[in-house]
Amino acid sequence: MARSKTLTCALALSTALAAQPALAGGWKTVADVGRAGLVAAAFGGAAVQEDWNGVLQAGYSVGLTAGATYGLKELFPEERPNGEGDDSFPSGHTSISFASAAFIHQRYGWQYGLPAYAVAATVGVARVESDHHHWYDVVAGAALGTATAFLFSTKMDENVQLFPWGDSNGGGLAMNVKF
């Protein structure tokens with residue numbers, strides 16, 4: 001019960017914060033606040049529940065999404081619609097937002113994932129409306145963030161914990177199971 005209240009409050013807060021600038025017509029601010037709200041909901045929701053495995057999974061999902069996004073921006077320079085730089089593809093705001101939303105969905109279920117995806121989609125629309133991205137930059141960012149989160153996130157189960165690990169000699173996945 002505490003988990004549902006925590007996640008519901010976090011998602012409601014991020015949605016409300018993202019909606020406020022939209023009423024004033026500030027699409028750039030909508031994207032900034034929406035992205036920040038989703039990241040806060042992903043990490044904060046897990047931390048408040050003391051779901052430290054979830055915090056790690058959110059970190060992997062969001063961190064690897066950010067790294068891949070900025071790597072792709074370097075590999076495929078494309079001018080922004082507003083002419084302010086050549087780092088349009090893919091949309092970083094959108095990829096991070098969808099990584100956070102997909103993590104929430106995968107970890108805690110569709111009841112929390114659906115509103116999170118709605119906020120993430122709003123972030124994508126805001127990036128196009130503010131002339132910071134083309135529609136295909138946003139679609140690519142959404143696909144990248146979602147795919148990364150689906151690779152690194154698992155459903156929460158207090159009896160089963162997965163711990164990804166890595167070092168200079170390799171990596172793997174450790175599992176702790178309570179009977």
Under the Karplus curve 6.51 cos²θ - 1.76 cosθ + 1.60, θ = phi - 60°, whole-Hz ³J(HN,Hα) for segment 86-102, x wherever Gly or Pro sits: 10, 10, 7, 9, x, 6, x, 4, 5, 5, 5, 5, 6, 5, 5, 5, 5
Note, ³J(HN,Hα) from phi for segment 38-45, Karplus 6.51, -1.76, 1.60, rounded to Hz, x at Gly and Pro: 5, 5, 5, 5, 5, 6, x, x
Sequence-distant residues sharing a close amide H with residue 87 (under 5 Å, placed H): 78, 80
Largest-first ordering by accessible area, 1.4 Å probe, given options 65, 29: 29, 65
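Express in nm, to one decimal, how much length is gained between residue 150 and residue 118 on full extension, taking 0.36 nm for each residue of separation and deducting their alpha carbon distance. If you can, show how the numbers build up before the last one.
Working: separation 32, 0.36 × 32 = 11.52 nm, distance 1.74 nm.
Additional length available on full extension: 9.8 nm.
Using a cut-off of 13 Å between beta-carbons, work out the net charge of the residues near residue 79 (Lys and Arg +1, Asp and Glu -1, residue 79 not included).
Working: positive: 73, 80; negative: 78, 84, 86, 87, 131, 137.
Every neighbour counted, the sum reads -4.
The values are calculated or read from the model by the stated rules, or taken from the named source; none is laboratory data. In this text the structure is predicted, and so the values were computed from the model without any measurement. In this analysis, Cβ positions are derived from the backbone assuming ideal geometry, glycine residues included, and neighbour counts consider all displayed protein chains. Heavy atoms of the whole protein, side chains included, go into the accessibility calculation; ligands, DNA and RNA do not. Shrake-Rupley method; radii C 1.70, N 1.55, O 1.52, S 1.80 Å.
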